[in-house]
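Quick notes on the structure that follows.
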Amino acid sequence: MNKIKHIFLLFPFFLLQSCSVYNFTGTGKIDAKTFQVGYFQNISELIEPGIDRDFTRRLQDLIQNQTNLNLTSTDGDLVYEGEIVDYRISPMTATADLTAAQSRLSITINLKFSNKKRPEEDFEKRFTFYDDYDGNNLPTGAQLKKSLDLIFERISQDMFNATLAKW
């Protein structure tokens with residue numbers, strides 16, 4: 001009976017110990033203290049003003065919200081830089097009168113990731129996502145905002161998973 005009592009007394013200690021290794025985002029233990037996100041310039045053939053700024057901020061916000069890393073403008077332990085290499089609007093399906101019944105906005109972003117604490121984790125990779133919308137809508141205003149929110153959320157989360165969550 002005393003052994004069982006001791007086990008129950010030690011259980012909270014083991015539970016707290018294990019919480020220091022993992023967190024809810026799956027990042028585990030991160031030995032970095034700071035990160036920096038360079039400006040993701042839009043170098044695609046089709047330019048949509050402001051998306052470079054919006055994506056850069058989206059990635060910064062996601063990392064700040066899901067980790068305890070501090071954002072810095074120079075000399076970060078983790079460095080995210082790259083460019084928007086493709087911004088494309090294409091018809092997906094056509095109607096009988098040959099107009100687009102559905103259109104797709106797709107964005108590809110090239111990421112160059114550097115980890116100063118663990119250089120073996122450095123890599124360069126492209127991340128792509130898209131949003132399909134009614135062909136009668138133009139990719140402007142509310143439709144553009146909805147599509148960009150969806151695409152940037154997915155791409156920034158994929159980047160986070162590839163760099164910090166290792167998924």
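The values are calculated or read from the model by the stated rules, or taken from the named source; none is laboratory data. Everything numeric in this text was worked out from a predicted model, so none of it was measured. Positions of Cβ are generated from backbone atoms using ideal geometry, with glycine treated the same way; all protein chains shown enter the neighbour counts.
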Cβ-Cβ under 8 Å pairs, at least 6 apart or on other chains, the range 117-139 side over 20 Å from D86 (Cα atoms), far side among the small types (G, A, S) and in a strand (DSSP E or B): D122/S114; D134/A101; D134/S103; G135/A100; G135/A101; G135/S103; N137/S103
Do we find that D61 is loosely packed, with under 13 Cβ neighbours inside 10 Å and either in contact with a Gly (Cβ under 8 Å, 6 or more places away or on another chain) or not in a strand (DSSP E or B) (or both) in this structure? no
Could you check, for the range 98-116, whether at least one of its residues is at pLDDT below 95 and part of a loop (DSSP other than H, G, I, E, B)? yes
Could you tell me how many of the residues in the range 62-113 are touching a Phe, Trp or Tyr at 6+ places or on another chain (Cβ under 9 Å) and of a type outside the set (S, T, N, Q)? 21
Can you pull out every residue in the range 118-167 that is part of a strand (DSSP E or B), modelled with pLDDT under 95 and touching a helix residue (DSSP H, G or I) at 6+ places or on another chain (Cβ under 7 Å)? Y133
If the requirement is being in a strand (DSSP E or B), surrounded by 14 or more Cβ atoms within 10 Å (Cβ to Cβ) and small (G, A, S), which of these qualifies: G82, G76? G82
What about S90, is it at pLDDT below 95 and closer than 23 Å to S44 by Cα? yes
Residue check for D149: farther than 19 Å from P49 by Cα and either without any contact (Cβ under 8 Å) to a residue 40 or more places away in the chain or surrounded by fewer than 18 Cβ atoms within 10 Å (Cβ to Cβ) (or both): no
For A101, which of the numbered conditions (1) within 18 Å of N161 (Cβ to Cβ); (2) surrounded by fewer than 18 Cβ atoms within 10 Å (Cβ to Cβ); (3) hydrophobic (A, V, I, L, M, F, W, C) fails to hold? (1)
Conditions: (1) surrounded by 12 or more Cβ atoms within 10 Å (Cβ to Cβ); (2) more than 30 Å from A32 (Cα to Cα); (3) in contact (Cβ under 8 Å) with a residue 24 or more places away in the chain; (4) of a type outside the set (D, E). T93 meets all but one. Number of the miss? (1)
